[in-house]
Amino acid sequence: MTRFTLTVAAVLLLASVSAAGGQTPAGAPAQPPAGPLLVPRVDLGGSLGLGVGWVSDEPGAAAVFLPGGRVGVALNRRWALEGVFDVMAGDNDLAVIYRAQARWLFRGAAAPGGLQPHLTFGGTGGFERDTWGPFEWRDAGGVVHREPRQSDWSFMPPILPTIGIGVQKALGAHCALRADLAAIVVPADDFVGGLLMPSVSLSIPIGRYPVRSR
């Protein structure tokens, strides 16, 4: 955990899931018929975003570019479970920051052609692969030591508190544009960090989004 926490801190310097069912309160107006307003059962997305953050004992903030992806499964008209991942890759390392989150629609499914605001909350974790070598070095006695190429993996479960807000608009029956802003708290023994992750993604449903009738 400590190793990946430090990796997240490096991201800041360089640049399972909780859910609940919603029900209509007694006496509230009945919802419109479900037919044209159904939420797709499965929603897939590809995103472009940034990781922008700070560390308590370092001045200023920095950002790094983070491409990523998303998959969501709707539980009902207002709740969905989502997995989101963002990737940072270098020549000798790979870090993936992932979020396990619930998504709550403020108004339920949007009317055809309308904006659909949402709130997300859950936890962030990640995994990292570091690769080094091969290299050699000579000790004081003149003996040459050779080290082979090696790799090391580290993993952190989704335990960093995360909350976000966003909006989605259907561009057609099979495509939607979505914008999100997630905020992640990164605590450690000797610092506290925060990471803001704005992103824009293109969503494709397994099914259809509601669209206006011609």
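The numbers here are math on the coordinates, done by the rules we state, and not lab data. As the structure is a computational prediction, the values presented were derived from the model and not from experiment. Note that each Cβ is placed from the backbone with ideal geometry, even for glycine, and that neighbours are counted across all protein chains shown.
One table, with the values for the structure above:
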| quantity | calculated |
| --- | --- |
| Potential extension, Lys169-Leu50 segment - 0.36 nm per residue separation minus Cα distance | 40.7 nm |
| Highest to lowest packing among 148-159, 67-78, 184-195, 93-104, scored as the average C-beta count within 10 Å | 93-104, 67-78, 184-195, 148-159 |
| Cβ-derived FRET efficiency at R0 30 Å, Phe155 paired with Arg208, nearest 0.05 | 0.20 |
| Gain in span if fully extended, Thr131 to Val200, counting 0.36 nm per residue against the direct Cα distance | 21.7 nm |
